[in-house]
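Here's the structure, in structure tokens; my notes come after.
The values are calculated or read from the model by the stated rules, or taken from the named source; none is laboratory data. Keep in mind it's a predicted model, so treat the numbers as computed, not measured. Neighbour counts run over all protein chains shown; Cβ positions are idealised from the backbone, glycine included.
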Amino acid sequence: MPITILQPAPVPVFNDTRNDHASASDSDSDEGGVDLEGDISMMRPSKRARRTEDDSIVTPGEVITEDPQWMRGHGTYTTRQAPAIVSSVAGTLAKTNRLLSVRPLRARYTPEIGDLVVGRIVEVQAKRWRVDVGASLLAQLPLSAINLPGGIQRRRTETDELQIRTFFSEGELLVAEVQQLYGDGGAVLHTRSLKYGKLRNGVFVAVSGTGGGGGVVRARRQAFTLDLGGASADDAEKIDVVLGVNGYIWISKHVEGEGAAAETSGPGINRVEESVGLNVYSSQNDDIPMSTMREIARVRGVIEALVEHGLRVDEDMVARAYHEAVEMARGDGDGEDTLYLGGERGRRLAQALVGR
Amino acid sequence: MAQQTERIFVLPGDQINPSVIPSHPKRPLKLGPGLRHIPPSELLPTVAGQLVTDYKKNSIWVEYNGGRYIPAVGDLVIGTVARSVVDYYYVTLSDYTSNAALPQLAFEMATKKTRPQLNPGALVYARVTLANRHMDPELECVSATSGKAEGLGPLNGGMLYDISLGMARRLLMRKSVEEGKVVVLEELGSAGLAFETAVGRNGKMWVNSESTKTVLLVGRAVQETDEKNLDAEQQKKLVRKLVKEMS
Amino acid sequence: MPREAEPSLNERAFVVQALQEGLRLDGRAFDQFRGLDLKFGDHYGVADVTLGKTRVLANVSAEVTAPYIDRPFDGIFTITTELSPMASPAFEVNRPTETEVLLSRLLEKTVRRSNALDTESLCLIAGQKCWSIRVDLHVLSHDGNLIDGSCLAVVAALRHFRRPDTSIEGETLTVYTPAEREPVPLSWLHSPFCITFSFYGEEGEIMLLDATLLEEQLRVSSCIISLNKHGEICQIAKLGGTPVEAVSLIQCASAALTKGKELSTLLDQKLAEDSKRRDKGGLLAELSAENER
Amino acid sequence: MPLDTSTYDLALLRVDGRRWNELRRLDGQIRTQAAADGSSYLEMGNTKVMCVVSGPSEDKRRGQTSASTATGSNAADVAVSVVVAGFSSVDRKKRGRGDKRIQELQTTISKALASNLHTHLYPRSTISISLNVLSQDGSLLAALINASTLALIDAGIPMTDYLVACTAGSTSSYAANDDRADPLVDLNNQEEQELPFLTMATLGATDKVAVLVCESRVQVSRLEGMMAAAADACKGVRDFLDQVIREKGHKMVTEGTIEKGASMAIEIDA
Amino acid sequence: MTVTTEPEALLSYLQKADGSATFSYAGYTVIGAVNGPIEVQRRDELPEEAAVDVIVRPAAGVGGTRERHLESLIQSTLRQIILVNNFPRTLIQVVLQVTVAPENDYANAKVAQANLNLPILPALLQTAVLSLLSAALPLRATLASTALAILPEHGDRRIISSPTGRQIEQSQSFHVFAFTSHDELILAESEGSFSMKEWDDALAAAQGTCYPPTTTGDTDVLMDDDKLVGSDLKHFTRSTMEQKTASDLYWK
């Protein structure tokens, strides 16, 4: 990953305060033989920074309010002596009834029940998997929380425990839902729906997760099918996109009756679940046409460009940006094969989106 | 113990005079710690100490102080919960040794739903149920026969003190005053102090009281008795001195 | 790797509670040291410090060697502090723990970098021959406050040490054996002492001197101040931990000065006692040496 | 001997023309590395450091080995690694990983941050901080602490307040027992070589000291003056760091990456 | 320089270790500490017995190959007397710290890295055994060890037990023996040139110092009588331990 070190900007407002300070002490120093201990007292009562009125950003250590009617939420803490609510992160203030919380500018993903996440298996234990979902703790996926081949009614047997690796093994990717949270913030996942399960036929992208900073945001739909429609000159292919709330993204070839769109468009739920075959746990990619691969790569480029320019990643944005990118590729005359969306092109893409 | 008059000192590998070995006609000879039996009929000490025999119980052992605690079935011990896994707590009995296993259901009235929640660092008073050279020891906090705690279980509050293994043994004797010659706790009690103690065979003593000062005083009195080898008279003097200092 | 069992929650809560009531487990005052004993060995340069149940032994040795190329006029002075499993099975040979690294850095800063030993005086022939003075610190038993004890042992051993006398005639260097000429002391400039403060409580408002191992495990922060009796700070190390009011750190510094002066007096007194004892022994040794010849 | 003290007496200006309480030019940025959870780049004069934070995340290795050591420390570990580039100073000395000075720096930074961060929110996990020193010109420890603070805020890890650090020196060396010694702040390499100095880290703008490191000989009486000067300089550093964070925040709000925050102003008035 | 000719020992004085001893003899002082049985590292674990780990540290420096050699000699000797089968998959750690080694006033040897060598072996072994006894680790037997030098003298040879550094320098051969309390020879190390006859003589002399034949095979366990003054090491070990036990069990 390249390191961006921007040109040093001129020192901001801070300079002024320094100058004030320096000049104030100047006169002292000129007289010579100043008692320095008296000048700067160590006994000075400690004063916390107060928030300035028109500022929408709060920073760590900043007193948000001393009014006792508020309750503290995430991103804040209370002080002992003078009861005050103080921010513990840098971010924007959020008020829900009497609850004050600070949304950090950026943070690692914190799981919440019902979140759709994309994860990677890092460890296989006797009766469960440990899954990296980008949170502070690894999530658990118990063997009992997956659909076993042979339908939902099938009982879990010891044989299943012994061949746990045939379902998921280390390094494999999956999409799941957060079912339960432990006291320490650890998440328990489940894949008991056809929407969830092992991922294949595509490519993985990690962007920063919910919490801010232009990552994936919680939205109505996290998984959708991108209709390339007429955008692509080739046959009307479809691409599945899973935007994990945790910032992990999966872009893959659309498979009818499987994956994201299956839930709504597929046959009756019971029938489908009965029809769960071993195919679900296959780690083998299907044949993917060249053109589809190219478009998958383009979607990936689009998402990275969105993140790089601090834009949110959701269904609407991705779809718009994708079509914009196709237009750009055509307009530039480089042909549709131009997938690169870094640097100048990315900036143009972003501007086109924001400017609208 | 009272039967013998002479002190017999042994070193590892010494031969034991057959005349001192008790030979009860009916009961089998019981070998205590510090001895090993080499078939067919040789007895050899394995540690340095005083050879002690009890003709009534037809037993023989070597009395010594020091060394590291080695778990034995039936011992009462005080352990620190190191971590918990499904169904078990792992409990530390002494520094640098592997942990003992305490089933989460081995508490009074414990069921899958009502088992006690112990955090790492919590203290438990437990009995050793399995001690085997090839396996990590196992503990229980409930009597398997009566289903009652019988004083075992989590220890809340108070302070934990390290004492020598010999001192722990003396404090745990049924007649600790007469046989163990420790009067310090009784003296402290009669000086009007209210406190509770639990002694672990693994060289740990837990003291609790309403007053912090009392806990400190009891702990210091026992530790000093232990370290300075005080006899009954000196113990009384020590208690008087400490009580005076405190008030 | 065998690990030290950590104090239980009960101990944590109790010790802190007792401190808040102004009580220490062993009944000491907050600024009181445990029983401190300093002994010198039969040989020169051996100092044995006992501080409660903590015990450290410092051993000084010297040899003639070539100086470093970039410092031709300086002798070589090293302090080695490898903690052996004797102090605690948690210390492994050849695998320095954090305790060991911090101890060695502190001694380095307190004794070596503060120029307590005049290294220029160790030079024999510039760029060719110099003395290499080496202090080996052995921790025999670790029950807290290793740093203060170790520093005292190192300084005491160095001041007690005598190196063989030498003479230079032209280009020839003669190193005399102890039988030929009485060994000479090192050129010593000042004696620094380390004083460790341990802090407890939410804001570090409780301050202890000479903490035991248990107390060390429970402290929220510590500050080590090294100084000599002239009030010169050689080193301050408050390496993280709970923030403490600046004012209390300044108080620490003046408390350290008082304690440093006490240690300094103790060391002077012990050295004087030892040389008195040695004077008697010295005559005898000479006689017996005569006999053997 | 000291180059600057001679001139200092005349003009009360230091070798680089600063007054006693002036900081060098500060430049800071956050989010310099897209892939990291948090990152920063900080210049204090010619001392330049880079910081990358990853985590809090569960260390697979730790999960197994330290489960039994978890007693009482049910909070995230703060692991710090400092790499000093060979080209960062004039002598181009290569410092190995085993270097005790570096290890001490790492321990200091880790312990100082651990007490400021709300690590109890992240049990069983590790916050790793990698610091790279690109250029050294004095006040190294201070720069490392400040850069870590910036990167940790960028990573959105809750903390009590900014942990800010600065150095303070005294104009005459220990040998000259000069009562008129003035304190100086934010020393450069040349001043560090010549003068006694200390590094101090405070919790935000308060006088609570998290780190105090002094490695040179100095009279006890000098301590208070130096600490007072350092505390004041730390406040200046805090203001600067706060500025950097706020600007980034404003930019994000303007770009619409994050929602605009609610204001407390009305409620306070009401 | 005075050489302690009478052995001296202090037991269990390092409170933090399971067992400890200081032993001084023939100009050497060694501090020993024993911890065990404790948790063993996976790589050192033995399925059927306790691993015995011996660490020898010289007064100056951390030691080199000579110390490693001594460690291996002591390790294999101690393994024979400790009942290692009692504690499978554990570790018994023996740390021996040399604090005083004889100094030679007549030579300025390279002192910074004093050579530990065979002459110190008896003192190390003796300290180890006392420390093990102090830690109450189960032993098969105790042991005693001594060093001898064979010096040329007027065309003849003379055997000197516990020789001084000077005598060792002049000697033709140097031997270290260790015997268990069952009078078995458990360690024999020799240096220099010697004949089989000389070796046999040395062995006999060593046996006399360690376990005089008069008392071997003696079934008498009530050896309170001080007829034999504790000149031999067997008695020394016994009386040292007896004192310790008496003070530990003062309440009996």
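A few comments on the model shown:
- Residue that is nearest to the other protein chains (Cβ to nearest Cβ) [pool: residues in segment C:119-140 that are among the hydroxyl-bearing types (Ser, Thr, Tyr) and assigned to a helix (DSSP H, G or I)]: C:Thr119
- When restricted to residues that are in a loop (DSSP other than H, G, I, E, B), among the small types (Gly, Ala, Ser) and without any contact (Cβ under 8 Å) to a residue 60 or more places away in the chain, segment A:70-120 contains 6.
- Extreme residue, farthest from E:Leu233 (Cα to Cα), among residues of segment E:13-33 that are within 9 Å of chain B (Cβ to nearest Cβ) and crowded, with 24+ Cβ neighbours inside 10 Å: E:Asp18
- Any hit, segment B:66-89, residues being more than 30 Å from C:Leu9 (Cβ to Cβ) and among the polar types (S, T, N, Q): no
- Check on D:Ala147, at pLDDT 95 or above, surrounded by 20 or more Cβ atoms within 10 Å (Cβ to Cβ), within 24 Å of C:Ala246 (Cα to Cα) and hydrophobic (A, V, I, L, M, F, W, C): yes
- Selection within segment D:214-238 - farther than 12 Å from D:Cys166 by Cβ and within 16 Å of the chain's Cα centre (by Cα): D:Cys214
- Lone unmet requirement of (1) in contact with an Asp or Glu (Cβ under 6 Å, 6 or more places away or on another chain); (2) within 12 Å of chain B (Cβ to nearest Cβ); (3) among the hydrophobic types (A, V, I, L, M, F, W, C) for E:Phe87: (1)
- Failed item in (1) buried (at least 21 other Cβ atoms within 10 Å of the Cβ); (2) within 28 Å of C:Ala13 (Cα to Cα); (3) under 21 Å from the mean Cα position of the chain (by Cα), with B:Asn156 passing the rest: (1)
- Filter pass, E:Val56 being under 25 Å from E:His175 (Cβ atoms), more than 14 Å from chain B (Cβ to nearest Cβ), outside any helix (DSSP H, G or I) and among the aliphatic types (A, V, I, L, M): yes
- Selected residue (criterion: nearest to B:Glu138 (Cα to Cα)) from residues of segment B:62-75 that are modelled with pLDDT of 90 or more and buried (at least 18 other Cβ atoms within 10 Å of the Cβ): B:Pro71
- Filter result (hydroxyl-bearing (Ser, Thr, Tyr), surrounded by 17 or more Cβ atoms within 10 Å (Cβ to Cβ) and in a loop (DSSP other than H, G, I, E, B)) within segment B:201-245: B:Ser209
- Residue check for B:Gly79: within 21 Å of the chain's Cα centre (by Cα), within 14 Å of chain E (Cβ to nearest Cβ) and buried (at least 16 other Cβ atoms within 10 Å of the Cβ): no
- Here E:Gly61 fits the description: of a type in the set (Gly, Ala, Ser), in a loop (DSSP other than H, G, I, E, B) and in contact (Cβ under 8 Å) with a residue 12 or more places away in the chain.
- Residue selection: B:Leu193 satisfies the criterion of being more than 14 Å from chain E (Cβ to nearest Cβ), under 24 Å from B:Tyr125 (Cα atoms) and either in contact (Cβ under 8 Å) with a residue 24 or more places away in the chain or buried (at least 17 other Cβ atoms within 10 Å of the Cβ) (or both).
- Index of the failed condition, A:Glu161 passing every other in (1) crowded, with 22+ Cβ neighbours inside 10 Å; (2) over 23 Å from D:Asp37 (Cα atoms); (3) charged (D, E, K, R): (1)
- Condition broken by C:Ala116, with the remaining ones in (1) closer than 30 Å to E:Ile92 by Cβ; (2) at pLDDT 90 or above; (3) more than 10 Å from chain E (Cβ to nearest Cβ) satisfied: (1)
- Of all residues in segment D:218-256, those that are surrounded by fewer than 20 Cβ atoms within 10 Å (Cβ to Cβ), β-branched (Val, Ile, Thr) and at the interface with another protein chain (Cβ under 7 Å from one of its Cβ atoms) total 2.
- Residues satisfying the stated conditions in segment D:86-125, i.e. more than 14 Å from chain C (Cβ to nearest Cβ) and either crowded, with 22+ Cβ neighbours inside 10 Å or assigned to a helix (DSSP H, G or I) (or both): D:Gly86, D:Phe87, D:Ser88, D:Leu121, D:Tyr122, D:Arg124, D:Ser125
- Being of a type in the set (Ser, Thr, Tyr) and in contact with a Cys (Cβ under 7 Å, 6 or more places away or on another chain) holds for only one residue in C:Thr97, C:Thr110, and it is C:Thr110.
- Per the listing E:His182, E:His175, the residue uniquely outside any strand (DSSP E or B) and touching a residue at least 12 places away in the same chain (Cβ under 8 Å) is E:His182.
- Flag if E:Gln75 is modelled with pLDDT of 95 or more, in contact with a strand residue (DSSP E or B) (Cβ under 7 Å, 6 or more places away or on another chain), of a type outside the set (A, V, I, L, M, F, W, C) and outside any loop (DSSP other than H, G, I, E, B): yes
- Residue, nearest to B:Glu150 (Cα to Cα), within segment B:82-107, restricted to residues that are in a loop (DSSP other than H, G, I, E, B) and within 14 Å of chain E (Cβ to nearest Cβ): B:Leu93
- Hey, C:Val60 at pLDDT 95 or above and more than 8 Å from every other protein chain (Cβ to nearest Cβ) or not: no
- Number of residues in segment C:149-184 that are in contact with a strand residue (DSSP E or B) (Cβ under 9 Å, 6 or more places away or on another chain), in a loop (DSSP other than H, G, I, E, B), within 10 Å of another protein chain (Cβ to nearest Cβ) and hydrophobic (A, V, I, L, M, F, W, C): the value is 0.
- Residue list for segment C:17-44, restricted to those being within 14 Å of chain B (Cβ to nearest Cβ), touching a helix residue (DSSP H, G or I) at 6+ places or on another chain (Cβ under 7 Å) and farther than 16 Å from B:Arg220 by Cα: C:Gln17, C:Glu21
- When residues of segment A:341-355 are limited to those that are in a helix (DSSP H, G or I) and in contact with a helix residue (DSSP H, G or I) (Cβ under 8 Å, 6 or more places away or on another chain), the one modelled with the lowest pLDDT: A:Val354
- Scan of segment C:205-244 for residues that are touching a Cys at 6+ places or on another chain (Cβ under 9 Å) and not in a strand (DSSP E or B), ordered by number: C:Asn228, C:Leu239, C:Gly241
- Hey, C:Leu209 at pLDDT 90 or above and either crowded, with 23+ Cβ neighbours inside 10 Å or away from chain D (no Cβ under 12 Å) (or both) or not: yes
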